Amino acid sequence: MHTFEFVRPRDSASAVASAAQGKTAQQGADVRFIAGGTTLLDLMKLNVETPSRLLDINRLPLGKIEATPDGGLAIGATVRNSDLAHHPTVQRDYPVLSQALLSGASAQLRNMATTAGNLLQRTRCMYFRDTAMPCNKRQPGSGCPAITGFNRSLAILGTSEQCIATNPSDMCVAMAALEATIHVQGPTGSRAIPFGEFHLLPGETPQRETVLEPGDLITHVTLPPPIAGSKQVYLKLRDRASYEFALASAAVVLTIAGGNVTRARIALGGVGTKPWRSPEAEAALTGQPANEASFRKAAEAALRSARPQSQNAFKIELAKRCLAHALQTAAMS
Ligand SMILES: Cc1cc2nc3c(=O)[nH]c(=O)nc-3n(C[C@H](O)[C@H](O)[C@H](O)COP(=O)(O)OP(=O)(O)OC[C@H]3O[C@@H](n4cnc5c(N)ncnc54)[C@H](O)[C@@H]3O)c2cc1C
Ligand code: SF4
């Protein structure tokens, strides 16, 4: 591993000021915040990330889970995934988030992994993690060997000619369906970013994954007040039952009255280049009877724009079944 300076900023303002000296907050950043380290240290060992300065944010006061004045929930950036998953308010009001978190990684990793770190975890595309190979995300303009190579686990939604990498997070899929907001403290002040605007599609610039700029510190994430009587499910399909990333997953938050769906929030994981909210599926389901036929139609709508690669066409039907089954499970709960 290359050498780097390790710094413990005394407060958020000095952390932001120090990080603002970096050239970018995207791939190749020379200054990085470090939280649990479960993504960053792995990538540093592989020389995929080579920051010259690490800013340890674990002692900053960003570790609380608190009610917000509007009845929602504020989740600090350094709240560990395990603490969030087991928090009584999350289990009662946002069970889809608890289920998503508990489906990810292992108990040991969840004890280290943080909310902000999970938002910024990187793709598991094997070429991205291998510096002997070209990769547009790691080294812009070098090419995308995944398009003609191993792409079984990669994306079918939101891809571009430059990159087809999947966003691997489970937590983010639930947060997309819950319409979370990400709060950032930057060199010019604080701002709130709606979840759907935080991650970027690869397009022509796959090295740019989020809207973050140098110095931007995620301070917390807020969830809106819970929807009374909503039925929530996270379903994750993968090659083995634990310690594995999703091939396809679905987060659903449904409200049903008189046998009809009155409100639907739907997001998919394992299939998109970013956590994939599906307004198409939500529109197809709203006002429809809560039955198998409607759920299948919503799943068809969610995958209509899917573009498979040579090895992952199976994901289209897998994702449809995953979503339809998640909706059915939620409706029966
Ligand atoms: C073997 C393995 C299996 C896994 N399986 C799964 C899985 O099934 N599902 C899943 O969802 N995840 C999985 N993960 C990923 C895991 O959830 C992430 O590694 C973890 O959430 C990252 O959190 P962290 O605090 O360790 O991040 P770190 O490694 O500390 O940081 C990650 C990135 O976030 C940045 N960062 C951290 N905090 C902030 C902040 N406050 N503001 C701005 N930038 C910040 C860092 O600079 C870095 O770029 C797995 C990981 C491993 C190693
Ligand atoms: S899919 Fe993206 S991350 Fe993977 S090799 Fe292609 S450019 Fe790199």
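Leaving out ligands, DNA and RNA, and with a 1.4 Å probe, what % of the accessible surface on the stretch 198-284 is carbon or sulfur? Walk me through the numbers on the way to the answer.
Working: 1830 of 3260 Å².
It is 56 percent, rounded to a whole number.
Spatially close Lys pairs in the chain, defined by Cα atoms under 23 Å apart and a spacing of eight or more places or different chains, total 16. Positive end of the charge dipole of the stretch 124-203 (Lys, Arg +1 and Asp, Glu -1 on Cβ, about the Cα centre): tell me which of P202, S153, M126 has its Cα farthest that way. Positive-end residue among those listed: M126. By DSSP, the beta bridges lying fully in the chain are antiparallel in about 85 percent of cases.
Mind ordering 287-294, 175-182, 34-41 by average Cβ neighbours within 10 Å, highest first?
Values: 287-294: 15.5, 175-182: 25.1, 34-41: 19.6.
So the order, starting with the most tightly packed, is 175-182, 34-41, 287-294.
Extent along the principal axes, Cα only, for the chain: 60, 51, 34 Å, with the longest axis given first.
In terms of the ratio Rg/(2.2 N^0.38 Å) built on C-alpha atoms, what value belongs to the stretch 1-82? Let's see the in-between values first.
Working: Rg = 14.4 Å, N = 82, 2.2 N^0.38 = 11.7 Å.
The reported ratio for this selection is 1.23.
Computed from the alpha carbon positions, the gyration tensor of the stretch 55-207 leads to an equivalent ellipsoid with semi-axes of 31, 17, 15 Å, biggest first.
For the stretch 177-333, what mean projected area does the convex hull of the alpha carbons give, in nm²?
Computing the convex hull of the Cα atoms and averaging its projections yields 11.0 nm².
Ranked by the mean number of other Cβ atoms within 10 Å per residue, highest first, peptides 184-190, 143-149 order as 143-149, 184-190.
Treating each Cα of the stretch 195-251 as one equal point scatterer and applying the Debye formula with no solvent, the log10 of I(q)/I(0) at q = 0.14, 0.18, 0.26, 0.29 Å⁻¹ comes out as -0.75, -1.03, -1.03, -1.09. Accessible surface computed residue by residue for the chain, with neighbouring protein chains in place and a 1.4 Å probe, gives 43 Å² per residue. Residue-wise HN-Hα couplings along the stretch 181-194, as the Karplus relation 6.51 cos²θ - 1.76 cosθ + 1.60 with θ = phi - 60° gives them from phi, are 10, 9, 10, 10, 9, x, x, 10, x, 9, 8, 10, 10, x Hz; Gly and Pro carry x. Less than 5 angstrom separates the built amide H of I65 from those of G76, all sequence-distant by 5 or more or on a different chain.
The values are calculated or read from the model by the stated rules, or taken from the named source; none is laboratory data. Values in this document were obtained by computation on a predicted structure and should not be read as measured data. Backbone-built Cβ (ideal geometry, glycine too); neighbour counts: all protein chains shown. Accessible surface areas use protein heavy atoms only, side chains included; no ligands, DNA or RNA. Shrake-Rupley method; radii C 1.70, N 1.55, O 1.52, S 1.80 Å.
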